[in-house]
1. Only residues in the range 238-263 that are surrounded by fewer than 17 Cβ atoms within 10 Å (Cβ to Cβ) count as the first member; pair them with residues that are assigned to a helix (DSSP H, G or I) and hydroxyl-bearing (Ser, Thr, Tyr), Cβ under 9 angstrom, at least 6 apart or cross-chain, and list the lot.
2. Take the conditions over 29 Å from Ser81 (Cβ atoms), at pLDDT 80 or above and not in a helix (DSSP H, G or I) and apply them to Ser231. Does it pass?
3. Can you tell which of Thr294, Thr334 is touching a residue at least 60 places away in the same chain (Cβ under 8 Å), outside the structural domain of Ala54 (by TED's automatic domain parsing) and not in a loop (DSSP other than H, G, I, E, B)?
4. With respect to Thr18, is the statement that it is closer than 17 Å to Ile100 by Cα, assigned by TED's automatic domain parsing to the domain that holds Phe160 and β-branched (Val, Ile, Thr) true?
5. Quick check on this structure: which one of Thr347, Thr284 is in the same structural domain as Ser255 (by TED's automatic domain parsing), touching a residue at least 12 places away in the same chain (Cβ under 8 Å) and surrounded by fewer than 24 Cβ atoms within 10 Å (Cβ to Cβ)?
6. Here are some residues: Thr314, Thr294. Which one is over 18 Å from Glu215 (Cα atoms), within 23 Å of the chain's Cα centre (by Cα), of a type outside the set (Lys, Arg) and buried (at least 16 other Cβ atoms within 10 Å of the Cβ)?
Amino acid sequence: MERLTYLAYLMFFILGFTTTLFGVTLIDICTTYQVDPYIIGYLLALLPIGSTAAMPMSGWLLDRKALKPVLMAALFIMFSSISIMIAYHQIALFASCMLILGVSNGMIISIANYIIVHLYNNQERPARLNLLNFCYSFGAVTAPLMSGSFAHLFPWQFFFTFALLLLLVIAGFSLTTKFNVVRESLAQHPPAVEEAWAKSVYIIGTALFFYVLSEYIVVNWAAAYFRQNLSMTTESVSLILFFFFILMAIGRFFSGIIVQYLKVERYLLLCSTLAVLSFIGLLTAHAYLTMLLTAAVMGFSYAGIYASLLSYGTQQLSRPSSKLITFLITTGSTGGITGLFLSGLVTQFSGVLPCLIISMTAMSLVTFAVLWVRSLSTASAYPDPCKKIS
(Lines give C-alpha, C1' and ligand atoms only; values in the text may rest on other atoms or scores of the structure.)
Protein backbone atom coordinates (compact mmCIF):
# COMPACT_ATOMS: atom_id res chain seq x y z
CA MET A 1 0.00 0.00 0.00
CA GLU A 2 2.75 2.45 0.95
CA ARG A 3 4.76 1.43 -2.12
CA LEU A 4 1.82 2.30 -4.39
CA THR A 5 1.44 5.63 -2.60
CA TYR A 6 5.11 6.47 -3.19
CA LEU A 7 4.66 5.51 -6.83
CA ALA A 8 1.83 8.04 -7.16
CA TYR A 9 4.02 10.68 -5.48
CA LEU A 10 6.87 9.98 -7.93
CA MET A 11 4.49 10.36 -10.88
CA PHE A 12 3.39 13.80 -9.71
CA PHE A 13 6.98 14.85 -9.05
CA ILE A 14 7.97 14.11 -12.66
CA LEU A 15 4.89 15.99 -13.89
CA GLY A 16 5.81 19.09 -11.89
CA PHE A 17 9.45 18.85 -12.97
CA THR A 18 8.83 18.51 -16.72
CA THR A 19 5.96 21.03 -16.91
CA THR A 20 7.97 23.76 -15.15
CA LEU A 21 11.12 22.89 -17.09
CA PHE A 22 9.49 24.10 -20.31
CA GLY A 23 8.99 27.52 -18.76
CA VAL A 24 12.53 27.95 -17.44
CA THR A 25 14.20 26.68 -20.65
CA LEU A 26 11.80 28.37 -23.09
CA ILE A 27 14.31 30.90 -24.47
CA ASP A 28 16.94 28.19 -25.01
CA ILE A 29 14.37 26.01 -26.78
CA CYS A 30 13.45 28.97 -29.02
CA THR A 31 17.12 29.43 -29.92
CA THR A 32 17.48 25.76 -30.85
CA TYR A 33 14.32 25.73 -32.97
CA GLN A 34 15.06 29.25 -34.33
CA VAL A 35 11.58 30.63 -33.62
CA ASP A 36 10.18 33.53 -31.58
CA PRO A 37 9.17 32.83 -27.96
CA TYR A 38 5.47 33.46 -28.65
CA ILE A 39 5.42 30.52 -31.09
CA ILE A 40 6.71 28.09 -28.46
CA GLY A 41 4.27 29.69 -26.02
CA TYR A 42 1.35 28.89 -28.32
CA LEU A 43 2.58 25.33 -28.86
CA LEU A 44 2.89 24.75 -25.11
CA ALA A 45 -0.88 25.27 -24.96
CA LEU A 46 -1.13 21.84 -26.60
CA LEU A 47 -0.01 20.30 -23.28
CA PRO A 48 -3.23 21.07 -21.34
CA ILE A 49 -5.33 20.36 -24.44
CA GLY A 50 -3.82 16.89 -24.82
CA SER A 51 -4.04 16.30 -21.08
CA THR A 52 -7.74 17.19 -20.91
CA ALA A 53 -8.54 15.07 -23.97
CA ALA A 54 -6.77 12.06 -22.43
CA MET A 55 -8.58 12.11 -19.08
CA PRO A 56 -11.93 10.63 -20.22
CA MET A 57 -10.00 7.98 -22.17
CA SER A 58 -7.99 7.18 -19.04
CA GLY A 59 -11.15 6.69 -17.00
CA TRP A 60 -12.50 4.33 -19.66
CA LEU A 61 -9.25 2.33 -19.70
CA LEU A 62 -9.03 2.11 -15.90
CA ASP A 63 -12.52 0.61 -15.78
CA ARG A 64 -11.65 -2.08 -18.33
CA LYS A 65 -7.91 -2.79 -18.17
CA ALA A 66 -5.40 -3.69 -15.46
CA LEU A 67 -3.77 -0.66 -13.86
CA LYS A 68 -0.12 -1.61 -14.45
CA PRO A 69 -0.31 -1.92 -18.29
CA VAL A 70 -2.14 1.43 -18.52
CA LEU A 71 0.55 3.06 -16.36
CA MET A 72 3.39 1.54 -18.39
CA ALA A 73 1.73 2.77 -21.61
CA ALA A 74 1.53 6.31 -20.18
CA LEU A 75 5.20 6.24 -19.14
CA PHE A 76 6.22 4.92 -22.58
CA ILE A 77 4.28 7.70 -24.35
CA MET A 78 5.88 10.33 -22.12
CA PHE A 79 9.38 8.88 -22.62
CA SER A 80 8.94 8.71 -26.41
CA SER A 81 7.64 12.28 -26.81
CA ILE A 82 10.48 13.81 -24.74
CA SER A 83 13.08 11.69 -26.57
CA ILE A 84 11.84 12.82 -30.00
CA MET A 85 11.81 16.46 -28.85
CA ILE A 86 15.44 16.17 -27.71
CA ALA A 87 16.68 14.32 -30.81
CA TYR A 88 14.86 16.13 -33.65
CA HIS A 89 14.65 19.92 -33.81
CA GLN A 90 11.75 20.46 -36.20
CA ILE A 91 8.93 22.74 -35.11
CA ALA A 92 6.20 20.45 -36.51
CA LEU A 93 7.61 17.52 -34.53
CA PHE A 94 7.81 19.74 -31.43
CA ALA A 95 4.11 20.56 -31.78
CA SER A 96 3.25 16.86 -32.13
CA CYS A 97 5.39 16.03 -29.10
CA MET A 98 3.59 18.65 -26.98
CA LEU A 99 0.20 17.17 -27.83
CA ILE A 100 1.38 13.59 -27.21
CA LEU A 101 3.15 14.60 -23.99
CA GLY A 102 -0.09 16.24 -22.88
CA VAL A 103 -1.89 12.93 -23.45
CA SER A 104 0.63 11.09 -21.26
CA ASN A 105 0.34 13.80 -18.59
CA GLY A 106 -3.44 13.41 -18.54
CA MET A 107 -3.12 9.64 -18.18
CA ILE A 108 -0.60 9.94 -15.34
CA ILE A 109 -2.73 12.52 -13.49
CA SER A 110 -5.74 10.19 -13.71
CA ILE A 111 -3.76 7.11 -12.63
CA ALA A 112 -2.09 8.78 -9.63
CA ASN A 113 -5.39 10.18 -8.33
CA TYR A 114 -7.06 6.83 -9.03
CA ILE A 115 -4.50 5.05 -6.84
CA ILE A 116 -4.87 7.46 -3.90
CA VAL A 117 -8.68 7.49 -4.01
CA HIS A 118 -8.83 3.68 -4.03
CA LEU A 119 -6.30 3.28 -1.22
CA TYR A 120 -7.55 5.88 1.27
CA ASN A 121 -10.91 6.94 2.70
CA ASN A 122 -12.41 9.61 4.97
CA GLN A 123 -10.02 12.25 6.36
CA GLU A 124 -6.93 10.39 5.16
CA ARG A 125 -7.93 10.80 1.51
CA PRO A 126 -7.70 14.64 1.38
CA ALA A 127 -4.46 14.45 3.37
CA ARG A 128 -2.89 12.09 0.83
CA LEU A 129 -4.24 14.03 -2.16
CA ASN A 130 -2.72 17.23 -0.76
CA LEU A 131 0.63 15.46 -0.32
CA LEU A 132 0.29 14.27 -3.92
CA ASN A 133 -0.02 17.89 -5.07
CA PHE A 134 2.89 18.85 -2.81
CA CYS A 135 5.04 16.40 -4.80
CA TYR A 136 4.02 18.27 -7.97
CA SER A 137 5.11 21.54 -6.35
CA PHE A 138 8.36 19.93 -5.20
CA GLY A 139 9.09 18.90 -8.78
CA ALA A 140 8.12 22.38 -9.99
CA VAL A 141 10.59 23.97 -7.54
CA THR A 142 13.35 21.47 -8.37
CA ALA A 143 13.30 22.25 -12.11
CA PRO A 144 14.27 25.97 -11.90
CA LEU A 145 16.76 25.29 -9.11
CA MET A 146 18.49 22.60 -11.17
CA SER A 147 18.46 24.53 -14.44
CA GLY A 148 19.54 27.75 -12.72
CA SER A 149 22.49 26.01 -11.10
CA PHE A 150 23.74 24.13 -14.16
CA ALA A 151 22.46 26.09 -17.18
CA HIS A 152 25.95 27.57 -17.73
CA LEU A 153 27.40 24.05 -17.92
CA PHE A 154 24.79 22.08 -19.89
CA PRO A 155 22.29 22.73 -22.72
CA TRP A 156 18.53 22.50 -22.15
CA GLN A 157 18.48 18.94 -23.56
CA PHE A 158 20.51 17.76 -20.54
CA PHE A 159 17.71 18.61 -18.10
CA PHE A 160 15.10 16.78 -20.17
CA THR A 161 17.48 13.81 -20.38
CA PHE A 162 17.49 13.85 -16.58
CA ALA A 163 13.68 13.66 -16.77
CA LEU A 164 14.03 10.58 -19.01
CA LEU A 165 16.22 8.92 -16.36
CA LEU A 166 13.57 9.66 -13.75
CA LEU A 167 10.97 8.05 -16.00
CA LEU A 168 13.11 4.90 -16.23
CA VAL A 169 13.34 4.82 -12.43
CA ILE A 170 9.54 5.17 -12.14
CA ALA A 171 9.03 2.44 -14.76
CA GLY A 172 11.36 0.08 -12.87
CA PHE A 173 9.61 0.91 -9.60
CA SER A 174 6.24 0.20 -11.25
CA LEU A 175 7.33 -3.16 -12.65
CA THR A 176 8.48 -4.34 -9.23
CA THR A 177 5.36 -3.10 -7.42
CA LYS A 178 2.33 -5.30 -6.78
CA PHE A 179 -1.04 -3.69 -7.47
CA ASN A 180 -2.97 -6.18 -5.32
CA VAL A 181 -4.38 -3.52 -2.97
CA VAL A 182 -6.02 -1.63 -5.82
CA ARG A 183 -7.39 -4.88 -7.27
CA GLU A 184 -8.88 -5.77 -3.87
CA SER A 185 -10.53 -2.35 -3.68
CA LEU A 186 -12.00 -2.85 -7.15
CA ALA A 187 -13.27 -6.31 -6.17
CA GLN A 188 -15.06 -4.81 -3.16
CA HIS A 189 -16.42 -1.85 -5.15
CA PRO A 190 -16.92 -2.91 -8.79
CA PRO A 191 -17.74 -0.05 -11.20
CA ALA A 192 -21.43 0.55 -11.76
CA VAL A 193 -22.86 0.02 -15.23
CA GLU A 194 -24.58 3.41 -15.05
CA GLU A 195 -24.32 6.10 -12.41
CA ALA A 196 -26.72 8.86 -11.42
CA TRP A 197 -25.00 11.61 -9.42
CA ALA A 198 -26.50 14.07 -6.98
CA LYS A 199 -26.39 17.82 -7.57
CA SER A 200 -23.47 18.17 -5.14
CA VAL A 201 -21.14 16.30 -7.53
CA TYR A 202 -21.76 18.79 -10.34
CA ILE A 203 -21.42 21.77 -8.01
CA ILE A 204 -18.01 20.55 -6.81
CA GLY A 205 -16.98 19.89 -10.42
CA THR A 206 -17.91 23.49 -11.23
CA ALA A 207 -15.90 24.68 -8.22
CA LEU A 208 -12.86 22.79 -9.56
CA PHE A 209 -13.36 24.50 -12.93
CA PHE A 210 -13.36 27.96 -11.31
CA TYR A 211 -10.41 27.16 -9.04
CA VAL A 212 -8.12 25.99 -11.86
CA LEU A 213 -9.20 28.97 -13.99
CA SER A 214 -8.35 31.32 -11.11
CA GLU A 215 -4.97 29.71 -10.41
CA TYR A 216 -4.01 29.69 -14.09
CA ILE A 217 -4.65 33.43 -14.45
CA VAL A 218 -2.76 34.30 -11.25
CA VAL A 219 0.28 32.20 -12.13
CA ASN A 220 0.52 33.49 -15.70
CA TRP A 221 -0.56 37.14 -15.43
CA ALA A 222 0.36 38.41 -11.94
CA ALA A 223 3.92 39.22 -13.05
CA ALA A 224 2.64 41.17 -16.07
CA TYR A 225 0.34 43.20 -13.79
CA PHE A 226 3.20 44.20 -11.48
CA ARG A 227 5.50 45.04 -14.40
CA GLN A 228 3.03 46.91 -16.61
CA ASN A 229 0.54 48.46 -14.19
CA LEU A 230 2.85 49.17 -11.25
CA SER A 231 6.14 49.60 -13.20
CA MET A 232 8.02 47.32 -10.81
CA THR A 233 11.47 45.90 -11.57
CA THR A 234 12.02 42.28 -12.54
CA GLU A 235 13.81 41.62 -9.23
CA SER A 236 10.91 43.01 -7.17
CA VAL A 237 8.33 41.01 -9.12
CA SER A 238 10.42 37.84 -8.84
CA LEU A 239 10.51 38.15 -5.05
CA ILE A 240 6.71 38.51 -4.87
CA LEU A 241 6.27 35.42 -7.05
CA PHE A 242 8.87 33.55 -4.99
CA PHE A 243 6.87 34.19 -1.82
CA PHE A 244 3.68 33.05 -3.57
CA PHE A 245 5.12 29.80 -4.96
CA ILE A 246 7.22 28.82 -1.95
CA LEU A 247 4.24 29.30 0.39
CA MET A 248 2.08 27.34 -2.04
CA ALA A 249 4.55 24.44 -1.88
CA ILE A 250 4.75 24.65 1.92
CA GLY A 251 0.97 24.96 2.14
CA ARG A 252 0.45 21.81 0.08
CA PHE A 253 2.62 19.90 2.52
CA PHE A 254 0.92 21.22 5.66
CA SER A 255 -2.60 21.05 4.21
CA GLY A 256 -2.19 17.28 4.16
CA ILE A 257 -1.74 17.46 7.93
CA ILE A 258 -4.40 20.11 8.61
CA VAL A 259 -7.24 18.22 6.90
CA GLN A 260 -6.68 15.28 9.23
CA TYR A 261 -7.94 17.48 12.09
CA LEU A 262 -10.31 19.83 10.25
CA LYS A 263 -13.31 18.83 8.16
CA VAL A 264 -12.57 19.24 4.48
CA GLU A 265 -15.50 21.61 3.80
CA ARG A 266 -14.41 23.90 6.64
CA TYR A 267 -10.86 23.88 5.33
CA LEU A 268 -12.12 24.76 1.83
CA LEU A 269 -14.24 27.64 3.14
CA LEU A 270 -11.32 28.97 5.18
CA CYS A 271 -8.81 28.77 2.32
CA SER A 272 -11.06 30.11 -0.44
CA THR A 273 -12.23 33.04 1.70
CA LEU A 274 -8.66 33.83 2.75
CA ALA A 275 -7.57 33.63 -0.90
CA VAL A 276 -10.17 36.21 -1.95
CA LEU A 277 -9.26 38.57 0.92
CA SER A 278 -5.53 38.28 0.18
CA PHE A 279 -6.28 38.83 -3.53
CA ILE A 280 -8.03 42.10 -2.65
CA GLY A 281 -5.11 43.05 -0.42
CA LEU A 282 -2.58 42.34 -3.17
CA LEU A 283 -4.42 44.46 -5.75
CA THR A 284 -4.97 47.39 -3.39
CA ALA A 285 -1.64 47.36 -1.52
CA HIS A 286 0.80 50.24 -1.97
CA ALA A 287 3.64 49.17 0.32
CA TYR A 288 6.01 46.54 -1.08
CA LEU A 289 6.18 44.66 2.23
CA THR A 290 2.38 44.39 2.25
CA MET A 291 2.51 42.90 -1.25
CA LEU A 292 5.02 40.29 -0.11
CA LEU A 293 2.90 39.32 2.90
CA THR A 294 -0.37 39.13 0.95
CA ALA A 295 1.33 37.11 -1.80
CA ALA A 296 2.56 34.66 0.84
CA VAL A 297 -0.90 34.33 2.41
CA MET A 298 -2.43 33.97 -1.03
CA GLY A 299 -0.02 31.17 -1.99
CA PHE A 300 -0.71 29.31 1.26
CA SER A 301 -4.47 29.74 0.73
CA TYR A 302 -4.42 28.45 -2.85
CA ALA A 303 -2.23 25.48 -1.87
CA GLY A 304 -4.71 22.90 -0.65
CA ILE A 305 -7.90 23.88 -2.48
CA TYR A 306 -7.56 21.69 -5.58
CA ALA A 307 -6.78 18.42 -3.80
CA SER A 308 -9.36 19.12 -1.09
CA LEU A 309 -12.06 19.85 -3.68
CA LEU A 310 -11.16 16.64 -5.48
CA SER A 311 -11.39 14.68 -2.24
CA TYR A 312 -14.63 16.46 -1.29
CA GLY A 313 -16.10 15.39 -4.62
CA THR A 314 -15.11 11.74 -4.21
CA GLN A 315 -16.59 11.74 -0.70
CA GLN A 316 -20.02 12.32 -2.21
CA LEU A 317 -20.00 8.59 -2.97
CA SER A 318 -19.59 5.81 -0.44
CA ARG A 319 -17.30 3.89 -2.80
CA PRO A 320 -14.52 4.82 -5.26
CA SER A 321 -15.62 5.57 -8.83
CA SER A 322 -13.20 6.02 -11.73
CA LYS A 323 -15.96 7.80 -13.67
CA LEU A 324 -16.34 10.35 -10.89
CA ILE A 325 -12.57 10.87 -10.55
CA THR A 326 -12.31 11.38 -14.32
CA PHE A 327 -15.22 13.84 -14.33
CA LEU A 328 -13.74 15.95 -11.52
CA ILE A 329 -10.21 16.04 -12.95
CA THR A 330 -11.48 16.80 -16.46
CA THR A 331 -13.69 19.70 -15.32
CA GLY A 332 -10.72 21.17 -13.46
CA SER A 333 -8.47 20.80 -16.49
CA THR A 334 -11.12 22.44 -18.67
CA GLY A 335 -10.89 25.44 -16.36
CA GLY A 336 -7.19 25.72 -17.19
CA ILE A 337 -7.84 25.67 -20.94
CA THR A 338 -10.63 28.24 -20.52
CA GLY A 339 -8.26 30.42 -18.51
CA LEU A 340 -5.67 30.13 -21.28
CA PHE A 341 -7.96 31.57 -23.96
CA LEU A 342 -10.07 33.86 -21.76
CA SER A 343 -7.07 35.57 -20.18
CA GLY A 344 -5.47 36.17 -23.57
CA LEU A 345 -8.68 37.67 -24.93
CA VAL A 346 -9.33 39.90 -21.90
CA THR A 347 -5.76 41.20 -21.66
CA GLN A 348 -5.72 41.96 -25.38
CA PHE A 349 -8.80 44.20 -25.23
CA SER A 350 -9.04 45.34 -21.57
CA GLY A 351 -5.62 44.90 -19.96
CA VAL A 352 -4.23 42.73 -17.19
CA LEU A 353 -6.15 44.14 -14.19
CA PRO A 354 -9.62 43.03 -15.44
CA CYS A 355 -8.11 39.60 -16.05
CA LEU A 356 -6.99 39.36 -12.42
CA ILE A 357 -10.41 40.57 -11.25
CA ILE A 358 -11.94 37.66 -13.19
CA SER A 359 -9.54 35.35 -11.34
CA MET A 360 -10.61 36.78 -7.97
CA THR A 361 -14.29 36.44 -8.92
CA ALA A 362 -13.73 32.81 -9.90
CA MET A 363 -12.20 32.12 -6.48
CA SER A 364 -15.18 33.73 -4.74
CA LEU A 365 -17.43 31.39 -6.73
CA VAL A 366 -15.47 28.47 -5.24
CA THR A 367 -16.47 29.70 -1.77
CA PHE A 368 -20.09 30.01 -2.88
CA ALA A 369 -20.05 26.49 -4.36
CA VAL A 370 -18.74 24.93 -1.12
CA LEU A 371 -21.40 26.80 0.88
CA TRP A 372 -24.04 25.52 -1.53
CA VAL A 373 -22.92 21.90 -1.20
CA ARG A 374 -22.76 22.25 2.56
CA SER A 375 -26.32 23.55 2.63
CA LEU A 376 -27.66 20.55 0.75
CA SER A 377 -29.16 17.94 3.04
CA THR A 378 -27.47 15.14 1.08
CA ALA A 379 -23.96 16.57 1.58
CA SER A 380 -23.93 16.65 5.38
CA ALA A 381 -24.29 12.89 5.84
CA TYR A 382 -22.33 11.89 2.71
CA PRO A 383 -24.95 9.47 1.38
CA ASP A 384 -24.26 7.62 -1.82
CA PRO A 385 -25.86 9.60 -4.66
CA CYS A 386 -24.60 6.96 -7.10
CA LYS A 387 -27.14 4.27 -7.85
CA LYS A 388 -26.86 1.32 -10.18
CA ILE A 389 -29.60 1.50 -12.77
CA SER A 390 -30.94 -1.88 -13.80
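1. Correct list of pairs: Leu239/Tyr288; Ile250/Ser137.
2. Details: over 29 Å from Ser81 (Cβ atoms): yes; at pLDDT 80 or above: yes; not in a helix (DSSP H, G or I): yes.
When the stated conditions are applied, Ser231 passes them.
3. On the way: Thr294 fails: touching a residue at least 60 places away in the same chain (Cβ under 8 Å).
Answer to the check: Thr334.
4. Numbers: closer than 17 Å to Ile100 by Cα: yes; assigned by TED's automatic domain parsing to the domain that holds Phe160: yes; β-branched (Val, Ile, Thr): yes.
Answer is yes for this residue.
5. Details: Thr284 fails: touching a residue at least 12 places away in the same chain (Cβ under 8 Å).
That would be Thr347, the only listed residue that is in the same structural domain as Ser255 (by TED's automatic domain parsing), touching a residue at least 12 places away in the same chain (Cβ under 8 Å) and surrounded by fewer than 24 Cβ atoms within 10 Å (Cβ to Cβ).
6. Details: Thr294 fails: over 18 Å from Glu215 (Cα atoms).
Just a single option satisfies the conditions, and that option is Thr314.
Condition check ((1) in the same structural domain as Ser333 (by TED's automatic domain parsing); (2) free of Cβ contacts under 8 Å to residues at least 60 places away in the same chain; (3) more than 23 Å from Gly251 (Cβ to Cβ)) across all residues:
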site	(1), (2), (3)
Asn113	no, no, no
His118	no, no, yes
Pro126	no, no, no
Phe154	no, yes, yes
Phe160	no, no, yes
Leu166	no, no, yes
Ala171	no, no, yes
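The values are calculated or read from the model by the stated rules, or taken from the named source; none is laboratory data. Since this is a predicted model, take the numbers as computed values, not measurements. Methodologically, a virtual Cβ is constructed for each residue, glycine included, from the backbone with ideal geometry; neighbour enumeration extends over all protein chains shown.
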